[in-house]
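Just below is one structure, and these are the notes that go with it.
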Amino acid sequence: MQRYWRATAGLRSAVRSPADAALAARIALFAITAPHHLERTDVESYLKRLRRQSRPRAIDVRGSRERIVRLRNGVLGMPWIWRRNTCYLRALVLYRFLDGDGEPQLHVGVEEDRSTDRLHGHAWVSVGGEVIEGPDGVVLDRVREIPMYARR
């Protein structure tokens, strides 16, 4: 029991209200099911469907981002979910639940590490051309974005 209590510490500290607990449960369900759903459809259709789903109301993007990131990080820190904690899933969760002024865009790109001849993938979210969460500017300067869907 003590091990379970320690494992949930991050999530327990992230939840500040009953509404947060409900949103954390929605984020957990999404984090578990998103990869399976994405495998079964094309990216453009999937992203359009995500944006039509209800989101927790927020006055602005910054407040919405803070709440979602706090809860998402608590959820993705759970032992049975932490292996899914990738930049792709973090960006997808933010894209799915972000509310406020402006329409979020999900971006995916690759960075080539010339020292190892390996590609490193990155995913990030922007609103109105401003990166809301993702790699820092130095990394983004070396990332080539891969178009995923037609912009509206």
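Observations, loosely collected:
- Taking 140, 94 and counting other C-beta atoms within 10 Å, the order from fewest to most: 140, 94
- Electrostatic dipole magnitude of the chain [Cβ: Lys, Arg +1; Asp, Glu -1; Cα centre; debye, to 20]: 800
- Shown is the FRET efficiency for residue 87 and residue 25, computed with R0 = 25 Å from the Cβ-Cβ distance and rounded to the nearest 0.05: 0.65.
- Contact order normalised by residue count of the chain, Cα under 8 Å, 6+ apart, percent: 22
- Peptides 53-64, 22-33, ordered by how many other C-beta atoms sit within 10 Å of their residues on average, highest first, read 22-33, 53-64.
- Furthest towards positive pole of dipole, 24, 102, 36, structure part the chain, Cβ charges: 24
- Charge tally in the Cβ shell below 11 Å around residue 69, where Lys, Arg are +1 and Asp, Glu are -1, residue 69 excluded: +4
- Projected area, mean over directions - the chain, Cα convex hull, nm²: 10.6
- C-alpha long axis of helix 87-97 to longest principal axis of the chain, angle in °: 70
Readers should treat all values here as calculations from the given coordinates under stated rules, not as data from a laboratory. From a predicted model like this one, the values you see are computed outputs, not experimental measurements. A quick note on method: Cβ atoms are made from the backbone with ideal geometry, for glycine too, and the neighbour counts reach across all protein chains shown.
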